[in-house]
4 protein chains.
Amino acid sequence: MLVRVRAASVCGTDVHLWAWNDWAQRRVRRLPLTLGHELSGEIVALGRGVKGLEVGDHVSAETHIADGTCYQCRTGRMHICENVEVLGVDHDGVFAEYAVLPALNAWKNDPKLDPALASIQEPLGNAVHTLLPEDDIEDLAGKRVLVTGCGPIGLLAIAVAKLFGASQVLATEVNPVRLALARKMGADRVLNPVEEGDRLLASVLDATDGHGVDVSAEMSGHPASLHLAFDALTPGGRVSLLGLFDREVSLHLDEAIIFRAARVHGIFGRRMFETWYTVKGLLERPEFREKMAQLITHRVPIAELPRAMELIETGQAAKVSLEAKW
Amino acid sequence: MLVRVRAASVCGTDVHLWAWNDWAQRRVRRLPLTLGHELSGEIVALGRGVKGLEVGDHVSAETHIADGTCYQCRTGRMHICENVEVLGVDHDGVFAEYAVLPALNAWKNDPKLDPALASIQEPLGNAVHTLLPEDDIEDLAGKRVLVTGCGPIGLLAIAVAKLFGASQVLATEVNPVRLALARKMGADRVLNPVEEGDRLLASVLDATDGHGVDVSAEMSGHPASLHLAFDALTPGGRVSLLGLFDREVSLHLDEAIIFRAARVHGIFGRRMFETWYTVKGLLERPEFREKMAQLITHRVPIAELPRAMELIETGQAAKVSLEAKW
Amino acid sequence: MLVRVRAASVCGTDVHLWAWNDWAQRRVRRLPLTLGHELSGEIVALGRGVKGLEVGDHVSAETHIADGTCYQCRTGRMHICENVEVLGVDHDGVFAEYAVLPALNAWKNDPKLDPALASIQEPLGNAVHTLLPEDDIEDLAGKRVLVTGCGPIGLLAIAVAKLFGASQVLATEVNPVRLALARKMGADRVLNPVEEGDRLLASVLDATDGHGVDVSAEMSGHPASLHLAFDALTPGGRVSLLGLFDREVSLHLDEAIIFRAARVHGIFGRRMFETWYTVKGLLERPEFREKMAQLITHRVPIAELPRAMELIETGQAAKVSLEAKW
Amino acid sequence: MLVRVRAASVCGTDVHLWAWNDWAQRRVRRLPLTLGHELSGEIVALGRGVKGLEVGDHVSAETHIADGTCYQCRTGRMHICENVEVLGVDHDGVFAEYAVLPALNAWKNDPKLDPALASIQEPLGNAVHTLLPEDDIEDLAGKRVLVTGCGPIGLLAIAVAKLFGASQVLATEVNPVRLALARKMGADRVLNPVEEGDRLLASVLDATDGHGVDVSAEMSGHPASLHLAFDALTPGGRVSLLGLFDREVSLHLDEAIIFRAARVHGIFGRRMFETWYTVKGLLERPEFREKMAQLITHRVPIAELPRAMELIETGQAAKVSLEAKW
């Protein structure tokens, strides 16, 4: 499908690519490359044989392009396709006037939905999938959740955990802009690891009557946060790992996982398309849409991408929405 | 443990026993009998060897007294103990100044929690267990839920479904007091089967884009509602059955369950004590406590039990809290 | 894909269509129609753009043709696609020299696998899905299973339940050929409802120390078996319903499901393609292949379909394999 | 209850305590201490108020003594009780003529069951729980399983995986006695890491068509095996960690868990008493009892415990059963 872009939002991956860091240089296989994958647009043309879509439909898109035939794809795990390719990394992306995408990756939106909100459904899906890797609600409803790291997906996870009935959401973060947003997303307590120092674990345990949390969502990629995510976990609790570490990490598995009977989930993308239906339903709730809108701290024309990148790299912005103004 | 009762709330079971209907005459094995099982009180004495409780603790109680040794009790299903006995039915209950209860059934409360709210944790547990018989959140979060019948537990289920992130909660009810409360609990649409007549199913399907609901919670015990619960269900959805039918019901299993690949859960009590922890956590959220308080439409001294029963039998009340005023 | 048929097996659906009974007359939308859907064959031609298959591959096929775009298809439930079409019912089937099938429905086989065994993977998938509707093994491993009705899928279910570690498999059946096969499949006890009469339930309970079974698989479509499936179930157990009833059935839901906290699963087809992978793996075990071969009581050339039908209708055959001999 | 010991088997924990290594010196809080916790015996006396047991009953015992009142105990996770105490470590054990045990820990046996087999139900429970931490059979039935390390529990896990329908069980081991037993337990292929060297991972991937295994059970506590357990895992697969590492381990979480969307379970003990019921049912199968009997390579009088320890420490024995011969 050919899509006219209406809005696109900036992801951490885009920032790494823009900075052309080590990871980006290893990962990108062809240049030039149009960045961007968090999208809201309107279909202007469709390939032959495409079913279920029409010109004029408003759509977002799943970022992972699956082959549809591998073991994972045929067993309900298309999001971890063995031959996955990524929009804006392996294929030209959406920071553009028009983009070409596989029709199978389309997600139809309500035309009335704010395009900026529509474009953040993809990272919102990450947050939902982090909290629900296997649909286990009793861990969340009426329970305690720790989110380590309040980047955009961490902030989304706080809002989602509260929406799923968590009695208490604790979060860790050092950046003051994100700290403030974590509270707005509904965190009951936000701890600054720098200020807490050695008291950090004790503070989490105190806040949870000594039991620890039922769920940890590790969103930072920092070894210290990883250790906290396990040390603060109640026996039998679960940890979702979304933040990337980029190197080996040392862990005392006996204490962290085995004696604790912990369950650990590696989180990659979001389920195609179970998570998208959940996300769509959540955005039908007006009070949740309002919360999400607060996360979009800046709206910038696509052509001013360098300014968007600077806002993010200097820690001033949470989520930046790029708008189709030329 | 010996408990001084602070508040007790009236359940439908109590109403049947009070009316001394056919079921009650068949079920009760000894008289006289003190009614009541939804409790909030203070421990005034403890048997020898009781661990984890102290005189002065504020407690509610699980109604089901399990033997602790049967197959079900030893496999995490104590709530369906083969030899279960019920407080206020097989044992003297709590509509009294003092009550004697097994310490294993105690549930410790925050002393600051309104005793009337503390006493409705037990039916709130029914509602939570109805929605989460196997902890499956993806059916709820961002999804559509139908509650057929808005008695107290149906009303609680509406509030709980919204709290667990349902995008849309539909409900059916005829009594105008309950209809109004269903909206206050957060139902997006309340349908009156009498007014809807033959359009009832079509109205539910219209409200859900023709897909039907992902979860039906049958709370009424009416065959017509049972049929609606299945007919309105999306393929692969699930139905929880809590309302009792008191007689055989005719069902077209091929259409209702088999071709639809429906999952059906019989709901009895609540999990001991997984559900209680969830309930406790939900009540830690201030906005949820406020909603729950709205359900307690009347507060009456225990000694005026006949008046409480009349309020319920005439359809004026949702939940009646009995207070320890003598 | 164009497939040269090597073997095909006869399903109950084919028998109904052949008999042209009421159901068949209501269900079939176009004539003439080639029957058959349980297949083993070799690919002789492929459409353009087909990935992952090659001419010469040995294949079986999933019978359900899904649209790939509906709510169910996009949420891991393709087997209950809202617009499902069925091979040999809505499309020409495989009792033929050649058949045309959608490539997405192909299932690649080991070329060394006996074509007759390859063709029964589809009903074997029904049996696996009946026992594992939600992957719950603790109900099976070391547990007690009741299979009501020993048609081909019931017989397969007995073998599969034993393979999944059931300590005891009980079965009911009246036909002597099937009774004998039920024992060969591994049933620990086969009860003849005609001989047992009023003692039937008591016999099942006696055989299970009074606890009842953990899982019932209802394969017969008879109301009496349905009642047995529930009455013999331990509290908290589960029932899978695969047999079709063709009319309303009367059930005392309170006793059957609600007080028993039963879980009920409607079974339709098999998961695409989770179940196929499981089936493929089971057939890699030599002792299981041998058991399966015993079920194929007759091998008949495709051209002699009328004789195959007669063998089945007169109760002489369990599974009949049609062979590509012309 | 007071139990006359009939047989007891030796666990790795007993070996560490006997060797009085660092761990043992840190862990044991009081001396003298009677070792041993894998038991088969006969009840000779019961405390007052004990229900469901009688003098003369044949019993084994769960090793973990739970408090019954903590968060974990009240939420179906008694096996990870916050205040767990261990038989033969915190309390006097069963390498004795008589032993005193809490009645709640009793597990009733069929008096006809070989006492040596009855005593290994406890480690067999470890193996079952390792393979079924969350009852997920589709990972096992018809799937590929890797067991790293063929100590007694690893050997049990091989037998259990085959019993649960695994199509292929791969194992790693260096000790020739254990290697031979691994094959007897049903391993389709046993790899010796010393002989394989750098080819080890490639050998596992080759044996699984390049897909890798669906489940890894890490039973060795060796970092190299841990890495293999993850590297050989298909995306979306799961790893159970039972072997203890005794020190920090370095892991590349991105590759091992996150991009792979792996699920990891820490395994501690076995579920009380879900796992025991499964184990009991498995031992009702004659062919499985025979396999288990092969694992008991030596039977030695309790009084000759030093000889038993030597047999284990020198790698001559798999499982040693101590017999009540004085």
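This model, with +1 at the C-beta of Lys and Arg and -1 at the C-beta of Asp and Glu, gives the range A:127-266 a dipole about its Cα centre of some 440 debye. A cut-off under 13 angstrom between Cβ atoms defines the neighbours of B:VAL5, and their net charge, with Lys, Arg +1 and Asp, Glu -1, is -2.
Both radii come from the Cα set of the range A:150-223: Rg as radius of gyration, Rh as Kirkwood radius; their ratio Rg/Rh reads 0.93. With a probe of 1.4 Å, find how much accessible area the range A:127-266 has per residue, and write the answer as a whole number in Å². Result: 29 Å² of accessible area for each residue. When the surface is traced with a 1.4 Å probe over the full set of protein chains, A:GLU196 keeps roughly 30 Å² accessible.
The 3J(HN,Hα) values that the Karplus relation (6.51, -1.76, 1.60; θ = phi - 60°) gives for the range C:68-84 are, in residue order, x, 10, 7, 3, 5, 4, 8, 10, x, 10, 4, 5, 10, 3, 5, 10, 4 Hz. Gly and Pro appear as x.
Considering chain D as a Gaussian network with a 10 Å cut-off on Cα pairs, which listed residue, D:GLY149, D:GLY236, D:GLY47, attains the greatest mean-square fluctuation? Result: D:GLY47 has the largest fluctuation of those listed. Both the radius of gyration and Dmax for the range A:1-48 are 13.5, 40 Å, in that order, over alpha-carbon atoms. Spatially, the range C:74-131 and the range A:69-133 are offset by 30 Å when compared through their Cα centroids. Shape summary of the range D:177-302, radius of gyration then Dmax from alpha carbon positions: 16.9, 52 Å. Residues of the range C:152-193 that lose at least 20 Å² of accessible area (1.4 Å probe, protein heavy atoms only) when the other protein chains are present, relative to their chain alone, are C:LYS162, C:LEU163, C:PHE164, C:GLY165, C:SER167. Using only Cα coordinates, the Kirkwood hydrodynamic radius of the protein assembly as shown works out to 32.5 Å. One residue of chain C places its C-beta nearer than any other to the axis carrying C onto A; that residue and its whole-Å distance are C:GLY76, 2.
Just so you know, the Cα atoms of the range C:40-176 work out to an Rg and Dmax of 17.4, 51 Å. Whole-Hz Karplus values for the range B:33-48 come out as 9, 7, 7, x, 9, 8, 9, 9, x, 10, 6, 10, 7, 10, x, 5 Hz, taken residue by residue from phi with 6.51 cos²θ - 1.76 cosθ + 1.60 and θ = phi - 60°; glycine and proline positions read x.
Approximating the spin labels as points 7 Å out from Cα along Cα→Cβ, the D:ASP110-to-B:ASP110 distance works out to 5.3 nm. Of the residues D:SER220, D:SER250, D:SER203, the one that moves most in a GNM of chain D with alpha-carbon contacts below 10 Å is D:SER250.
The smallest convex shape that holds all Cα atoms of the range D:190-232, its convex hull, gives 73 Å³ per residue.
On the basis of the beta-carbon distance and an R0 of 41 Å, C:VAL100 and A:GLU304 show a calculated FRET efficiency of 0.15. Any idea which of A:SER203, A:ALA180, A:SER167 is furthest toward the positive side of the dipole for the range A:127-266, if Lys and Arg beta-carbons carry +1 and Asp and Glu beta-carbons -1? Comparing the listed Cα positions along the dipole, A:ALA180 ranks first. Can you tally the lysine pairs in chain B where the Cα-Cα distance is under 12 Å and the two residues are eight or more apart, or on different chains? Value for chain B: 5.
Computed from protein heavy atoms with a 1.4 Å probe, the total accessible area buried between D and C is close to 1900 Å². Taking the alpha carbon gyration tensor of chain C, multiplying each eigenvalue by 5 and rooting it gives semi-axes of 33, 21, 20 Å, largest first. For the protein assembly as shown, what % of the accessible area comes from carbon and sulfur atoms, probe 1.4 Å? Roughly 51 percent, rounded to a whole number.
With the whole protein complex present, D:PHE259 retains an accessible surface near 80 Å², based on a 1.4 Å probe.
Local charge for D:GLU54 was computed over the other residues whose Cβ lies under 12 Å away, with Lys and Arg +1 and Asp and Glu -1, and equals 0. Assuming charge only on the beta carbon of Lys and Arg (+1) and of Asp and Glu (-1), the dipole of the range C:117-178 about its Cα centre is about 320 debye to the nearest 20. Using the empirical formula 2.2 N^0.38 Å as the baseline, the Cα radius of gyration of the range A:229-326 reaches a ratio of 1.52.
Ellipticity at 222 nm from helices only: DSSP H runs of n ≥ 4 in chain B, each -39500 (n - 2.57), divided by the residue count, give -8500 deg cm²/dmol.
Name the residue, out of A:PRO32, A:PRO102, A:PRO301, whose mean-square fluctuation peaks in a Gaussian network model built on chain A with Cα pairs under 10 Å. Fluctuation is largest for A:PRO32.
Altogether, the Stokes-Einstein calculation at 20 °C and 1.002 mPa s, with the Kirkwood radius of the range C:124-255 over Cα pairs as Rh, returns a diffusion coefficient of 150 µm²/s. The local environment of B:LEU87, defined by Cβ-Cβ distances under 15 Å, has a net charge of -4 under the rule Lys, Arg +1 and Asp, Glu -1.
For the range D:88-105, 3J(HN,Hα) computed residue by residue from phi via the Karplus equation (6.51, -1.76, 1.60; θ = phi - 60°) reads x, 10, 8, 10, 4, x, 10, 7, 6, 6, 10, 9, 9, 9, x, 4, 5, 8 Hz, glycine and proline entered as x.
A 1.4 Å probe, protein heavy atoms only, puts the accessible area of D:CYS70 near 10 Å².
The values are calculated or read from the model by the stated rules, or taken from the named source; none is laboratory data. Everything quoted here is computed from the prediction, not taken from an experiment. Every residue, glycine among them, receives a Cβ derived from its backbone with ideal geometry; neighbour counts consider all protein chains shown. Accessible surface is based on the protein model in full, side chains and every heavy atom, while ligands, DNA and RNA are left aside. Shrake-Rupley method; radii C 1.70, N 1.55, O 1.52, S 1.80 Å.
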